[in-house]
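Take a look at the structure below.
The values are calculated or read from the model by the stated rules, or taken from the named source; none is laboratory data. The structure displayed is predicted, hence computed values, not measured ones. Reconstructed Cβ throughout: ideal geometry from the backbone, glycine too, with neighbour counts over all protein chains shown.
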Amino acid sequence: MAATLPSVLVTTDWVAQHATDAGVRVVEVDVDTTAYDQGHVPGAVGWNWTTELCDTVVRDIVPANKLEALLGQSGIDNKTAIVLYGDNNNWFAAWAFWQLKIYGHEDVRIMDGGRKKWLAERRDLSTEKPRVDAKTYKTKAPDTSLRAFLPEVQQAMKAKSAGLVDVRSPQEFTGEILSPPGLPETCQRGGHIPGAKSIPWGKNCNEDGTFKSFEDLQALYSAQGITSDQPVIAYCRIGERSSLTWFALKHLLGFKNVKNYDGSWTEWGNLVGAPVEKP
Amino acid sequence: MKPEELTRRQEEIGGWRVSIETYKLGDVYHCTISNVDPGARFARADGATREEAESLAIEKATRYLAQTRKFTS
């Protein structure tokens, strides 16, 4: 297994020095879609995950033509280095990263520590949207090896052929609550997929929002039997927290076969007759 | 502009632990409230003073948290 792959992470220092370089585009993607307007990295564009990073008719990831338009109007072409960051230790930055990798963008990075660290360091914020020159973008064929659909998860559960990682909070895992406190409930039953291991997403991160070291991450997952010699499927409620865990496993620990199940608990927990485990 | 007077603290609202983050940017105070676990921002407000921004955000957070049900059986 390779050591940490630093090419996918950049520091806040690096962003402060290179945010407006030619060939670099910094993008903020937040859980709270209004956070960008409360001040963002100067030069950064903002993407709204609820309208711009999904199909708003069918439940699905962003369609290729919509992503091409979004990237083009953000001043991004196929050679641009995209640097993502956001609130909540980069939850939705990782969601955007995962989708960009599905569509084959080569140079995507995450600002380690995200918005939390940038703010804590009292770095400059801007409330103005940058003026960008539109570019042309062409997506590649979707890489479905990064994404798990329901039948594959059902099969993995039955055959115990993959490590299932539930990254939600312990209260969601046990079924005590159906969604994070303060957020809408979107499933009918609580609990978890039988056999899944509870490894909350936040354990990937340090207190300052940065990712933990290779050694700490390896210890975290191996202690629960999640190792690189088996396929791994991560899930949460709607697939965004698990995209952060997918990022850590795939790009920081170097696991070859890791998928994000974006149907997640809002799919499984609504299925009639689906097996549910509650401790 | 640089963010000023940044504070982060944890409190309990309606039986849930939350993080309250407030900072001033220009003339506006921005307050956001996140659940501690898993850490999602779910209420925010702006104000001309810290007190105004925080009280508005806490009011929203209280309303949203009241809708979260616990299933203990």
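Return yes when residue A:234 is out of contact with any Leu (no Cβ under 9 Å at 6 or more places or on another chain), outside the structural domain of residue A:31 (by TED's automatic domain parsing), farther than 27 Å from residue B:64 by Cα and modelled with pLDDT of 95 or more and no when it is not. For residue A:234, the condition - out of contact with any Leu (no Cβ under 9 Å at 6 or more places or on another chain), outside the structural domain of residue A:31 (by TED's automatic domain parsing), farther than 27 Å from residue B:64 by Cα and modelled with pLDDT of 95 or more - is not met. Taking only segment A:174-203 into account, find how many residues are within 21 Å of residue B:42 (Cβ to Cβ), surrounded by 21 or more Cβ atoms within 10 Å (Cβ to Cβ), more than 7 Å from every other protein chain (Cβ to nearest Cβ) and in contact (Cβ under 8 Å) with a residue 60 or more places away in the chain. Total meeting the criteria: 1. It is to be established whether one or more residues within segment A:117-129 are closer than 16 Å to residue A:233 by Cβ and more than 14 Å from chain B (Cβ to nearest Cβ). No: zero hits.
Out of the helices (runs of 4 or more DSSP H) lying entirely within segment A:50-147, which hold 2 or more residues that are within 13 Å of the chain's Cα centre (by Cα) and among the β-branched types (Val, Ile, Thr)? If you could, list the steps in order and put the result at the bottom.
On the way: elements: A:64-73, A:87-102, A:114-120.
Ranges flagged: none.
Can you tell me which residue among A:133, A:107, A:112, A:143 is buried (at least 22 other Cβ atoms within 10 Å of the Cβ), among the acidic types (Asp, Glu) and more than 14 Å from chain B (Cβ to nearest Cβ)? Break it down into steps so the answer makes sense when it comes.
Values: A:133 fails: buried (at least 22 other Cβ atoms within 10 Å of the Cβ); A:107 fails: buried (at least 22 other Cβ atoms within 10 Å of the Cβ); A:143 fails: buried (at least 22 other Cβ atoms within 10 Å of the Cβ).
Going through A:133, A:107, A:112, A:143 in turn, the sole match is A:112.
Here are some residues: A:216, A:208, A:262. Which one is surrounded by fewer than 16 Cβ atoms within 10 Å (Cβ to Cβ) and either in contact with a Ser or Thr (Cβ under 6 Å, 6 or more places away or on another chain) or modelled with pLDDT of 95 or more (or both)?
On the way: A:208 fails: either in contact with a Ser or Thr (Cβ under 6 Å, 6 or more places away or on another chain) or modelled with pLDDT of 95 or more (or both); A:262 fails: surrounded by fewer than 16 Cβ atoms within 10 Å (Cβ to Cβ).
Criteria check complete, one pass: A:216.
Consider segment A:237-272 and keep the residues that are of a type in the set (Lys, Arg) and more than 22 Å from residue A:171 (Cβ to Cβ). The one that is farthest from the chain's Cα centre (by Cα) is A:256.
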